[in-house]
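For reference, the structure is listed below as structure tokens.
No lab work stands behind these numbers, since they all come straight from the coordinates. Bear in mind the structure is a predicted one, so any value in this text is a computation, not a measurement. Reconstructed Cβ throughout: ideal geometry from the backbone, glycine too, with neighbour counts over all protein chains shown.
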Amino acid sequence: MRIDVLTIFPGAFVGPLDVSIIKRARDAGLLDLEIHDIREHATDKHRSVDDYPFGGGQGMVMRVDVLDRALEEVQSLDDERGLVVYLSPQGERLDDALVRELARHRRLVLVCGRYEGVDERFVEHCVDREVSIGDYILTGGELPAMVLIDAVTRHIPGALGDEKSPEEESFADGLLEHPQYTRPAEYRGWQVPEVLLSGHHANIEKWRREQRLERTRQRRPDLLPPAAAEDERKGEV
Ligand code: SAM
């Protein structure tokens, strides 16, 4: 998979995406991540990417001409122009289903806004999807882009290694994951649930299923469709 990022802060991407699973995926050639500086497409001597909003008001707006030139050039770097995603608090909220959908594309082009955002004509004419990482305002689209890249990379076949599958994580089957424990079996009198030490695989599986349902009921009842909840209660999931 190829992901291109357009940003005015390319340096922000150094570090978080150079460790662990993302680094391994990049080193193995599973993820080709290219970061591009929007400022290189500015034409004035100050390399401006923003200007005052028409109609007045606070802050600055990213210019449509600079963004369009940057996008055109980046898209031309590959045969496939890719799905253009603008990270925006006004976009559709990122969740597991949207991550899986985005991960099916061979190429994504992520656009990070700054200031008051981008000129709306860029969104109308150049952007395929607007994606938000939650109902709050961040200073720029760089952190949201990194969140999206991390989440999507986990769904690239082979990125998690052989031993792990994204299907075993929270949300994959509509439920939160069961609690996890490791050694020591007892610490300061805090015990690991007895069933996990029993070696009885069927009982362990049953306990985990119950825990997944209980956690989801308590913490995220909104995730539970009524039919799934009933199936789970009967042990049919
Ligand atoms: N004026 C905009 C508004 O009220 O909708 C907010 C602009 S925000 C300060 C600057 C940039 O940060 C946005 O263009 C966007 O790229 C990014 N951003 C901020 N919050 C975000 C969120 N929750 N999800 C995705 N991107 C976000």
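Give me, ordered by chain and number, the residues 5 or more places off Ile35 or on other chains with an amide H under 5 Å from its own placed amide H.
Val5
What is the antiparallel percent of DSSP beta bridges lying wholly in the range 1-100, to the nearest 5?
25
Just add up the charged neighbours of Glu116: K/R +1, D/E -1, any other residue whose Cβ is under 13 Å from the Cβ of Glu116.
Computed value for this residue: -2.
Can you list residues from other chains, or at least 5 along the same chain, whose modelled amide H is less than 5 Å from the amide H of Leu87?
Hits under the 5 Å cutoff: Val111, Gly113, Val131.
How about the range 32-131: which chymotrypsin sites (Phe, Trp or Tyr not before Pro) there lie in a loop by DSSP and see at most 11 other Cβ atoms within 10 Å?
Within the range 32-131, the qualifying chymotrypsin sites (Phe, Trp or Tyr not before Pro) (loop, at most 11 other Cβ atoms within 10 Å) are Phe54.
Evaluate the Debye formula for the chain with equal point scatterers sitting on the alpha carbons, no solvent, and hand back log10 of I(q)/I(0) at q = 0.11, 0.13, 0.14 Å⁻¹, in q order, two decimals.
Treating every Cα as an identical point scatterer, log10 I(q)/I(0) equals -0.71, -0.89, -0.97.
Just to verify a number: FRET efficiency for Arg188 and Asp18, C-beta to C-beta distance, R0 = 45 Å, to 0.05?
The calculated FRET efficiency here is 0.75.
Placing +1 on the Cβ of each Lys and Arg and -1 on the Cβ of each Asp and Glu in the range 2-153, which of Leu98, Val118, Ala28 has its Cα farthest towards the positive end of the resulting dipole?
Farthest along the dipole direction, towards plus: Ala28.
Mind checking the full-extension length gain between Thr43 and Arg219? Use 0.36 nm per residue of separation minus the Cα-Cα distance, one decimal, nm.
Full extension of this stretch gives 58.2 nm more.
Give the residue from Phe171, Gln211, Pro193 lying farthest towards the positive end of the charge dipole for the range 83-237; charges sit on Cβ (+1 for Lys and Arg, -1 for Asp and Glu) and the dipole is referred to the Cα centre.
It is Pro193.
When the Karplus curve 6.51 cos²θ - 1.76 cosθ + 1.60 is applied with θ = phi - 60°, which whole-Hz ³J(HN,Hα) does each residue of the range 16-30 get, with x for Gly and Pro?
Ordered by residue, 3J(HN,Hα) equals x, 9, 10, 10, 6, 4, 5, 4, 4, 5, 5, 4, 7, x, 7 Hz.
Grab the Cα-Cα distance for Arg106 and Gln180, subtract it from 0.36 nm times how many residues apart they are, and report the gain in nm with one decimal.
Gain in length upon complete extension: 23.2 nm.
Among all the aspartates and glutamates, which ones have a C-alpha under 20 Å from Lys23's C-alpha, if same-chain residues fewer than 8 places away are not counted?
Within the straight-line cut-off, Lys23 pairs with Asp4, Asp32, Glu34, Glu142, Asp150, Asp162, Glu163.
On a 0 to 90° scale, report how tilted helix 64-75 is relative to the longest principal axis of the chain, with both axes built from alpha carbons and the result rounded to the nearest 10.
Taking the Cα atoms of the chain, the angle to 64-75 is about 60 degrees.
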